[in-house]
Amino acid sequence: MTKEIQRPTTPIKTAEESSVDYIEFQNNHDESQGSDKDDKLLVRRIDRQLLPWLCLVYALSLIDRTNISSAKIAGMAEDLNLIGNRYSVALVVFFATYLASELPGNFIIRRVGTRYYLSFLIVSWGTIAMCMGFVTRYSQLVGLRLLLGLFEGGFNPACIYLISSWYKRYETQQRLSLWYMSGSVISGFNGIISYGLSTLEGLGGRRGLNWIFIIPGAITVFLAIPIFLFLSDFPEKASWLSASDLQRVQERLREDRGEQLDDKITIRKPLRISKTGKYGQILVTPPYLAAAIFAISTGMISDRVRTRSPFIVGFMLLTGAGIIMIGWGQNTACKMAGIYFAVIGNNCAIPTVLAFLSNNIVGSSKRQIAVPLQTSMGAIGGVFGSLVFRQQDYPGYRPGLYASIVCLAVCILITLSITAFFYRENKAADEKGKILERLEGYRYTL
């Protein structure tokens, strides 16, 4: 006799439907999806508030600092009697005050706010750039270049600092790349713009080369107005953020790297660097100051002996030695010495390479194309560097160090190959009367 199976009088729920854990998971999952969507919208709003303005001003800063080369092509060398190493000195002195003003700027920006500080810098260097269109003596040019470096020096660190204060660690790279590349691309048209301005010869009783400084400088000064009105400040001072948005920005940064928005910079904190490492960038400033001194002095020597390539190779070898000491040094003293070698070598090589190209390009039209192409390679190098120095390789960053050494070796080989070619061409001109670049008596700079 079989028993009748008792069936439940209420519907049976599945394990998932009756599981409290599942219900909580669903709720948390829905909240997480909503939070991710809200975060994306918030980040896009931050992008719109920051990036367009920073990219535009960065491009103008590059134009204002580099249009001296276009003015030289347009006749400034003759007007100001830039004989000997005078032009090189006018180029290099910019970096002395530029490097010296980088670190103090990030102390100031937190105290006075982004809009006030950046607007002040923009008006200042824009006015100085305009004044360069009215110089009549070499000493005035050097003085204005020193002031230009002083006020432009604080801008780039402030931009990087501002971006890193808004975004999580792994959101910053693409923003910094966009900022850096957009500025470089826009300023890459400076040669064409300068050529157009140089055609304004006689306008207002001024030479065309004067307008190369005056008009971009005036645009820079004008841009300070929308920067002051619309550029976002640091999160805790951003008026466009609602209370809930500000709280979410704080939570994102705290979750990502444990940061508080009201963390204040004081003079005592850098002194504890050996313990925290948080302000390790401060130790980078002295090598850059040393590099400025070396760049000026070696530039004068290089002009005097009229030779570039031995200096370039020497600086690259010094940079390579510094990189090896940084990556494989066994003590702090060795690594610090390596930082000095690498920074000095690299920053001395850059103006020498710029001069090497300029010396061996005949014709203003060629230089107007060649110089932007050369500087654009620097922008590509910045992107390449960001790809090989990855966060997952911390703290050794060996792939980045290896890539740097390989790049230096390639640069040395290219420099030696170009120099060997120039040497053979000069020898043919001396011994066989070969005419170089269709100019009688022309010789390539080695």
- Item | helices (runs of 4 or more DSSP H) enclosed by segment 269-360 - at least 1 residues per element that are at pLDDT 75 or above and within 23 Å of the chain's Cα centre (by Cα) | 285-305, 309-328, 332-359
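For every residue, the table says whether it meets (1) out of contact with any strand residue (DSSP E or B) (no Cβ under 6 Å at 6 or more places or on another chain); (2) at pLDDT below 80; (3) farther than 30 Å from I186 by Cα.
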position: T9; (1), (2), (3): yes, yes, yes
position: E24; (1), (2), (3): yes, yes, yes
position: S35; (1), (2), (3): yes, yes, yes
position: C55; (1), (2), (3): yes, no, no
position: A71; (1), (2), (3): yes, no, no
position: Y98; (1), (2), (3): yes, yes, no
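S376 - would you say it is among the polar types (S, T, N, Q), at pLDDT below 75 and in contact with a helix residue (DSSP H, G or I) (Cβ under 8 Å, 6 or more places away or on another chain)?
Numbers: among the polar types (S, T, N, Q): yes; at pLDDT below 75: yes; in contact with a helix residue (DSSP H, G or I) (Cβ under 8 Å, 6 or more places away or on another chain): yes.
Judged against the criteria, S376 is a match.
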- Query: Is segment 122-145 home to any residue that is among the charged types (D, E, K, R) and either modelled with pLDDT under 85 or surrounded by 19 or more Cβ atoms within 10 Å (Cβ to Cβ) (or both)?
  - Reply: yes
- Message: Here's a check for you: in segment 220-235, which residue that is assigned to a helix (DSSP H, G or I) and surrounded by 16 or more Cβ atoms within 10 Å (Cβ to Cβ) is modelled with the lowest pLDDT?
- Response: P235
- Note on the structure: The number of residues in segment 390-446 that are of a type in the set (V, I, T) and not in a helix (DSSP H, G or I) is 2
- Could you please find all residues in segment 432-446 being under 21 Å from S309 (Cα atoms) and in contact (Cβ under 8 Å) with a residue 60 or more places away in the chain? E437, Y442, Y444, T445, L446
- Message: For K37, only one of the following conditions fails: (1) in a helix (DSSP H, G or I); (2) in contact (Cβ under 8 Å) with a residue 40 or more places away in the chain. What is its number?
- Response: (2)
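S61 - would you say it is at pLDDT 85 or above, on the phi < 0 side of the Ramachandran plot and touching a Gly at 6+ places or on another chain (Cβ under 8 Å)? Can you show your working first?
On the way: at pLDDT 85 or above: yes; on the phi < 0 side of the Ramachandran plot: yes; touching a Gly at 6+ places or on another chain (Cβ under 8 Å): yes.
Yes.
Quick one: is I83 without any contact (Cβ under 8 Å) to a residue 24 or more places away in the chain, surrounded by fewer than 19 Cβ atoms within 10 Å (Cβ to Cβ) and not in a helix (DSSP H, G or I)?
Working: without any contact (Cβ under 8 Å) to a residue 24 or more places away in the chain: yes; surrounded by fewer than 19 Cβ atoms within 10 Å (Cβ to Cβ): yes; not in a helix (DSSP H, G or I): yes.
Taking the combined requirement at face value, the residue satisfies it.
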- Message: Please count how many residues of segment 389-424 are under 22 Å from I324 (Cβ atoms), at pLDDT below 75 and within 21 Å of the chain's Cα centre (by Cα).
- Response: 2
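The values are calculated or read from the model by the stated rules, or taken from the named source; none is laboratory data. Note that the structure is predicted; figures quoted are calculated from it, not measured. Methodologically, a virtual Cβ is constructed for each residue, glycine included, from the backbone with ideal geometry; neighbour enumeration extends over all protein chains shown.
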